[in-house]
Every structure is written in structure tokens, then in C-alpha cells.
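Peer 1: A single structure is presented below for examination.
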Amino acid sequence: MVQEYEIVVIGAGPAGLSAGIFVARQRASCLVISKDLGGQLNLIPKLENYPGMMMSSGPLLAKTLENQYLMLKGEITFDTVEKIDETESGLKVKTTRSEYLAKSVVLAPGRVPNNLGLENESMFSNKGVHYCTKCDAPFYQGRTTATVGVGGYLLESGILLSRMAAKVYMIYKGGGLGGDKDMIESIKKKENIELVPNTSIKSISGTTSLQQITLLDNSGMEKTVDVDGLFIEMGSKINLDFVKHLVQLNASGEIEVSGGGKTTHPAIFAAGDATHIPYKQIVAACGDGASAGLSAFNYAEKLKGKHGIRADWKKTIGDTVFHY
Ligand SMILES: Cc1cc2nc3c(=O)[nH]c(=O)nc-3n(C[C@H](O)[C@H](O)[C@H](O)COP(=O)(O)OP(=O)(O)OC[C@H]3O[C@@H](n4cnc5c(N)ncnc54)[C@H](O)[C@@H]3O)c2cc1C
């Protein structure tokens, strides 16, 4: 049987969990559907810029947000959303294992790091192949590493690895490094970094974990290098195939949103890194998630002929007027 909720939120990163908290607190029925808990928060072992917390970690923040949401009687299921369709009774959210009906949907599917598309890349993921230098560089203390990527991602990766690893190959397709000049100067001074320009990675190999990478330069020359770890820093992508027929995306494939997380579909709201907002950071995702959640709640309330929540709250308790 198809389960019905007033609001379904897609994604349990900071945007989706914040949306869920604000919906559940209004005692509306809310389901968060997500592939995992935390999204990109899982890539942040040390979190320094979340206001109100001196020091935290991404996974700890994710667990705290989830607990807060569950305490407010929100529901969560770990599954993948494959398609959203319009039906006469609302939006049908099809997942790998089930189907749900919702009056309104909040999209918060975030982003995932890009891979290189090598044949056996996924086999070596977390077995020598990493997509988050910040998170995993400490595993490579005194070992041989390589990093491949673009722009500032590559520069940062090289610098972080050079602090830990004995050797860092920095591999890039162009003739020179691009990005922040101070970072480039600092990289050139590091004795344990070897720059490998005009080169791409042709293949990777190993037994139970990564052992070698084969490089291909612009002249067609191949060279195989022994490495313990390969860090892939190619930016990130958004996958909105499940909803792109319903909402407008911009040229970068991000969801276009206006105030309150409105999309071009009246019943669908969005927040976080999958939207076109600048400064893609956790606190922004949380704030926009809260707004999108309340907008979705208001939409569902209006369908019932109710007023919903005003953008400028005012409540009188006893003799006191509270403004929120
Ligand atoms: C390495 C790294 C370090 C960072 N460090 C910081 C930092 O120090 N401070 C800071 O403020 N920000 C930092 N950020 C950015 C921050 O993590 C993001 O801005 C934030 O996580 C975005 O939140 P989100 O909820 O929009 O998306 P995400 O965190 O990406 O979460 C999206 C969620 O949606 C789920 N999902 C996606 N598609 C589907 C689907 N089809 N079905 C079901 N579920 C789906 C995902 O599994 C995931 O759980 C960092 C990012 C990275 C990659």
C-alpha cells in the first residue's frame, strides 16, 4: 500500500534534516527519505564554522539533527528516490523499495564528489582511492600518494597531503596549476610534491587495495607509479534526474529557487547544495532547509483551507507578545 505523508523531504543532509525538524515541529506528518544520514557532513571530521558550536564534526552534527527530528516525531527511511510524478492525489515519490504520496515535497539531495570514471575505480573506493583529502589524508602519514583534480580542489589537496605523506604526485591535464597564486607558490616550495603536468590517469590497479596508477601524458607516453593512495578532487555533481521534468534547473544543473525555497513547481520546494544559492555551506543549507520546510508546510495547509504560518510570527501567551 502506498504510504501518505503531508510532506516528504528528499535528503538527510543538513538542508533536509533542518526542513524535517521545522515541518515535524508543526506536527505535520513528515517523512525524510535519504540514501544515507548526513550526506557531505560525513566528509567533515572537524567542523569549525557552524555558528553556536566551538568545535564539532560533520557526523556528530548529522546525528544531532536526526535525533532532534525524531524527537519531534518525524519519520526517516534510508532509500533512494528514483522518480517523482504528479498524480491527482498529490506527488508520488517512487523509491527503490517503495512508493509514497505527499502533498508537498522538499528537495535537498545535495551533491556528490565527481569520480574519474576509471574502470575499477569504485572497487578501490576507500581502499586507496579517496574523494575527500581533508577527511582521509591523515591515513597516509609517511606514505606515497597522488592527487588528481581541478583548480582550487587540487591545490588544497596537494597542500594537505604534503603535510602528511612522504611523497605527493600532483597530476593535472594542463601545462600549469590554476588557482590561488599564494597556494601555487607554497606548493612549488614543498620538497615532497612532484608536479606532473599535461597528464591524466589511464588506469589504476592493485590486489585488495590500490597499489599502482598508470599515467598517460599528452605525447602518449605511459608511466606506471607505485602509490598507496590516490585522491580524486574533481569537484562535485548533482543528480536531479528523478525530478528534472518537474522543476527548472539552471545551466549548471542546479535547482532554481526563489524566496522560501520556491521552485517552479508550486508543490515542490528546495534547499541546500542542489540549489543555485551561493556560499554552499552547512549553516546556509540549514537556514534554507528551515525556510523550504515551512513553505512546504504552508502549501499543505493551504490545500486544507488553513492559513499556515506567517513569515513574521507573532504569538501572544498570557500578557506577553512573542515575535519570532
Ligand atoms: C569535503 C567537504 C568539506 C566541507 N567542509 C565544510 C565546512 O567545514 N563547513 C561548512 O559549512 N560546509 C562544509 N562543506 C559543505 C557542506 O558539507 C555542504 O554545504 C552541505 O553538506 C550541504 O548540505 P545539503 O543538505 O544540501 O546536501 P548534502 O550534505 O550533500 O546531503 C544530501 C543528502 O541527500 C541524499 N540524496 C541525494 N540524492 C538522493 C536520492 N535520489 N534519494 C535519496 N536521497 C538522496 C544524500 O544521500 C545526502 O544524504 C564541506 C563539503 C565537503 C565535500
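The values are calculated or read from the model by the stated rules, or taken from the named source; none is laboratory data. Owing to the predicted nature of the structure, the values given are computational and were not obtained by experimental measurement. In this analysis, Cβ positions are derived from the backbone assuming ideal geometry, glycine residues included, and neighbour counts consider all displayed protein chains. Accessible surface areas use protein heavy atoms only, side chains included; no ligands, DNA or RNA. Shrake-Rupley method; radii C 1.70, N 1.55, O 1.52, S 1.80 Å.
Peer 1: Could you say whether any residue in segment 66-80 is of a type in the set (A, V, I, L, M, F, W, C) and either open to solvent by less than 30 Å² (accessible area, probe 1.4 Å) or within 24 Å of Ser258 (Cα to Cα) (or both)? Talk me through it step by step, then tell me what you get.
Peer 2: Filtering segment 66-80 down to residues of a type in the set (A, V, I, L, M, F, W, C) leaves 70-72, 76, 78.
Filter once more, keeping what is either open to solvent by less than 30 Å² (accessible area, probe 1.4 Å) or within 24 Å of Ser258 (Cα to Cα) (or both): none.
No, every residue in segment 66-80 fails to be of a type in the set (A, V, I, L, M, F, W, C) and either open to solvent by less than 30 Å² (accessible area, probe 1.4 Å) or within 24 Å of Ser258 (Cα to Cα) (or both).
Peer 1: Is there a residue in segment 13-20 that is assigned to a loop (DSSP other than H, G, I, E, B), assigned by TED's automatic domain parsing to the domain that holds Gly308 and buried (at least 24 other Cβ atoms within 10 Å of the Cβ)?
Peer 2: Within segment 13-20, the first condition is being assigned to a loop (DSSP other than H, G, I, E, B), and the residues that meet it are 13.
If we keep only those that are assigned by TED's automatic domain parsing to the domain that holds Gly308 too, we end up with 13.
Right, trim to buried (at least 24 other Cβ atoms within 10 Å of the Cβ) and you get 13.
Among the residues of segment 13-20, at least one is assigned to a loop (DSSP other than H, G, I, E, B), assigned by TED's automatic domain parsing to the domain that holds Gly308 and buried (at least 24 other Cβ atoms within 10 Å of the Cβ), which makes the answer yes.
Peer 1: Return the total of residues in segment 123-148 being assigned to a strand (DSSP E or B), touching a helix residue (DSSP H, G or I) at 6+ places or on another chain (Cβ under 6 Å) and within 16 Å of the ligand (Cβ to nearest atom).
Peer 2: Taking segment 123-148 first, the residues assigned to a strand (DSSP E or B) are 125, 129-130, 144-148.
Now narrow it down to the ones that are touching a helix residue (DSSP H, G or I) at 6+ places or on another chain (Cβ under 6 Å): 130, 145, 147.
From what is left, the residues that are within 16 Å of the ligand (Cβ to nearest atom) are 130, 147.
Total meeting the criteria: 2.
Peer 1: How many of the residues in segment 141-200 are acidic (Asp, Glu) and more than 25 Å from the chain's Cα centre (by Cα)?
Peer 2: Narrowing segment 141-200 to residues acidic (Asp, Glu): 156, 180, 182, 185, 191, 194.
Now drop any that are not more than 25 Å from the chain's Cα centre (by Cα), which leaves 182, 185, 191, 194.
Total satisfying the criteria: 4.
Peer 1: Can you find even one residue in segment 298-314 that is within 16 Å of the ligand (Cβ to nearest atom), at pLDDT below 95, among the aromatic types (Phe, Trp, Tyr) and surrounded by fewer than 18 Cβ atoms within 10 Å (Cβ to Cβ)?
Peer 2: Taking segment 298-314 first, the residues within 16 Å of the ligand (Cβ to nearest atom) are none.
Checked segment 298-314: no residue is within 16 Å of the ligand (Cβ to nearest atom), at pLDDT below 95, among the aromatic types (Phe, Trp, Tyr) and surrounded by fewer than 18 Cβ atoms within 10 Å (Cβ to Cβ).
Peer 1: Could you please give the count of residues in segment 215-244 that are hydrophobic (A, V, I, L, M, F, W, C), assigned to a strand (DSSP E or B) and without any contact (Cβ under 8 Å) to a residue 40 or more places away in the chain?
Peer 2: We begin by selecting, within segment 215-244, every residue hydrophobic (A, V, I, L, M, F, W, C); these are 215-216, 221, 225, 227, 230-232, 234, 238, 240, 242-243.
Filter once more, keeping what is assigned to a strand (DSSP E or B): 215-216, 225, 230-232.
Narrowing the set further to residues that are without any contact (Cβ under 8 Å) to a residue 40 or more places away in the chain leaves 216.
The total comes to 1.
Peer 1: Further, regarding this structure: So in segment 81-104, with the set limited to residues that are open to solvent by less than 60 Å² (accessible area, probe 1.4 Å) and in contact with an Asp or Glu (Cβ under 6 Å, 6 or more places away or on another chain), which one is farthest from the ligand (Cβ to nearest atom)?
Peer 2: Leu101
Peer 1: Scan Lys73, Lys83 and give me the residue that is in a loop (DSSP other than H, G, I, E, B) and out of contact with any Leu (no Cβ under 9 Å at 6 or more places or on another chain). I'd like the intermediate steps shown before the answer.
Peer 2: Numbers: Lys83 fails: in a loop (DSSP other than H, G, I, E, B).
Only one candidate passes the filter, namely Lys73.
Peer 1: Another question about this same structure. Could you say which residue among Leu17, Leu65, Leu61 is under 15 Å from Ile282 (Cα atoms) and within 9 Å of the ligand (Cβ to nearest atom)? Break it down into steps so the answer makes sense when it comes.
Peer 2: Numbers: Leu65 fails: within 9 Å of the ligand (Cβ to nearest atom); Leu61 fails: within 9 Å of the ligand (Cβ to nearest atom).
Going through Leu17, Leu65, Leu61 in turn, the sole match is Leu17.
Peer 1: Here are some residues: Asn198, Asn120, Asn192. Which one is farther than 30 Å from Ile21 by Cβ and touching a helix residue (DSSP H, G or I) at 6+ places or on another chain (Cβ under 9 Å)? Outline the logic, then answer.
Peer 2: On the way: Asn198 fails: touching a helix residue (DSSP H, G or I) at 6+ places or on another chain (Cβ under 9 Å); Asn120 fails: touching a helix residue (DSSP H, G or I) at 6+ places or on another chain (Cβ under 9 Å).
When all the criteria are applied, what remains is Asn192.
Peer 1: Might you let me know whether segment 32-46 holds any residue that is touching a residue at least 40 places away in the same chain (Cβ under 8 Å), more than 14 Å from the ligand (Cβ to nearest atom), closer than 28 Å to Glu301 by Cβ and open to solvent by less than 70 Å² (accessible area, probe 1.4 Å)?
Peer 2: no
Peer 1: Just give me the residues in segment 266-281 being open to solvent by less than 20 Å² (accessible area, probe 1.4 Å) and either assigned to a loop (DSSP other than H, G, I, E, B) or at pLDDT below 95 (or both), in sequence order. Give the derivation first.
Peer 2: Kept after step one, since they are open to solvent by less than 20 Å² (accessible area, probe 1.4 Å), are these residues of segment 266-281: 267-272, 274-275.
Scanning segment 266-281 gives Ala267, Ala271, Gly272, Ala274.
Peer 1: Which condition from (1) in a loop (DSSP other than H, G, I, E, B); (2) within 14 Å of the ligand (Cβ to nearest atom); (3) loosely packed, with under 15 Cβ neighbours inside 10 Å is the one that Ser252 breaks?
Peer 2: Going through the list (1) in a loop (DSSP other than H, G, I, E, B); (2) within 14 Å of the ligand (Cβ to nearest atom); (3) loosely packed, with under 15 Cβ neighbours inside 10 Å, Ser252 breaks only (2).
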